[in-house]
1. Restricting attention to the range 102-115, and to residues there that are open to solvent by less than 80 Å² (accessible area, probe 1.4 Å) and within 22 Å of the chain's Cα centre (by Cα), which single residue is farthest from Glu175 (Cα to Cα)?
2. Inspect all residues belonging to the range 228-241 and state whether any of them is farther than 24 Å from Ser100 by Cα, in contact with a Phe, Trp or Tyr (Cβ under 6 Å, 6 or more places away or on another chain) and modelled with pLDDT of 90 or more.
3. If you check every pair at least six apart or on different chains, which have Cβ atoms under 6 Å apart with a residue in the range 210-233 that is closer than 10 Å to Arg189 by Cβ first and a residue that is among the charged types (D, E, K, R) and open to solvent by 50 Å² or more (accessible area, probe 1.4 Å) second?
4. Hey, could you check the range 247-265 for residues that are under 24 Å from the mean Cα position of the chain (by Cα) and in contact (Cβ under 8 Å) with a residue 40 or more places away in the chain and say which is least open to solvent (accessible area, probe 1.4 Å)?
5. Does the range 157-174 include one or more residues that are open to solvent by 60 Å² or more (accessible area, probe 1.4 Å), without any contact (Cβ under 8 Å) to a residue 12 or more places away in the chain and not small (Gly, Ala, Ser)?
6. Just checking, how many residues over the range 163-207 are outside any helix (DSSP H, G or I) and modelled with pLDDT of 85 or more?
Amino acid sequence: MARKQSDYLASLLADEEVLETKSETAETVPSEAVAESAAPSPAPARNERLRGTTLLGRESALARVASGEVRQVTQLLLDPARVRVWKGNARSYEHLSVDSCRELIDSIIAEGGQKVPAVVRRIDGDPDHDFEVIAGTRRHWSISWLRSHSYPEMQFVAQVAQLDDEAAFRLADLENRARKDVSDLERARNYAQALYDHYGAHLTRMADRLNLSKGWLSKMLKVASLPDAVVAAFASPADVQLKPAYPLAQLLDNRELAPAILREAKVLARLQEERRKAGDPAIAANDVVARLMAAGTVKADGPPREIVLEGRGGRPAITVRSINRQGVTLRFHAGSGMHLDALLELARDALEQLEDEGRSILL
């Protein structure tokens, strides 16, 4: 799979301007070793066939991505503890796990080490780190995990390139486009930050530099605006996908409808947490979107809606059936799968939700 990624990255860059690269002189650095020199270059025809899968092909691709900003490239074997992850990368390092990296970990073990180098750059002023990862976050996480789990000899293989922040962002973005496990929300928020960090808030310039549709990029930036309270309604941030999330983000721009959506998101977040603790299946992403959209389409001058609080397995537990001057009517459903204490806690949540909506029975 790693080779396919390299091929894909090289093909994405095929139309970029060809630039000259220089090999950096090998040097002795604590906690790192310089990789052995590659064998003499094969015939030109063979080089063309192996483009993108060899070190030479990857260096050429790097030079094209940077469009002149990559001045030196060298390959090193590094201690991953001395390498930090660049904050400008879209992938969330904190959300990586053995499960999400299992295929890569198994591949590294089977091949006796990391075969496709990551891309890093040198950093100054950090006593704990010498480099930062521009592309190859999963490789860094996997090597780090292996070193602490019976493979202490594993080295983090990386190509060291000189890139400014904008060139680093473009390189990381190109590589992430080949990754299905980088969620739309991660990419969207990464784009939103980069818009101000690298492009002076100029959407058209950013779209041109990344060779993206301006309309598509605009939608991604809108999804990036989803508040954390709404994202928490999903079982995982990875469930937030562009197509269904975009109209939801638009709906939140309506100041009259947004409060109802946020209230429903709070209910859903609580239900998701209860299901996680009980080992029950999470509420599916499409159901979450449907409920949030429905909450945002209730007219403010319409009849008060019923509030349904779910128990285990998504079964109704309590329904708030009516709210008027005489009080509140709650219906406790049989077969909710909940104990009395949990039902009473749900009832409390229902009364607190009425309080949030300005329909408190204490008024």
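The values are calculated or read from the model by the stated rules, or taken from the named source; none is laboratory data. The model shown is predicted, which means the values in this text are computed figures rather than measured ones. Reconstructed Cβ throughout: ideal geometry from the backbone, glycine too, with neighbour counts over all protein chains shown. We work out accessible area using only protein heavy atoms, side chains counted, and drop any ligands, DNA or RNA first. Shrake-Rupley method; radii C 1.70, N 1.55, O 1.52, S 1.80 Å.
1. If we take residues in the range 102-115 being open to solvent by less than 80 Å² (accessible area, probe 1.4 Å) and within 22 Å of the chain's Cα centre (by Cα), then Ile105 is farthest from Glu175 (Cα to Cα).
2. Within the range 228-241 (the criterion being farther than 24 Å from Ser100 by Cα, in contact with a Phe, Trp or Tyr (Cβ under 6 Å, 6 or more places away or on another chain) and modelled with pLDDT of 90 or more), the answer is no, since none of the residues qualifies.
3. Pairs found: Ala224/Arg189.
4. My answer is Leu248.
5. Within the range 157-174 (the criterion being open to solvent by 60 Å² or more (accessible area, probe 1.4 Å), without any contact (Cβ under 8 Å) to a residue 12 or more places away in the chain and not small (Gly, Ala, Ser)), the answer is no, since none of the residues qualifies.
6. Of the residues in the range 163-207, 6 are outside any helix (DSSP H, G or I) and modelled with pLDDT of 85 or more.
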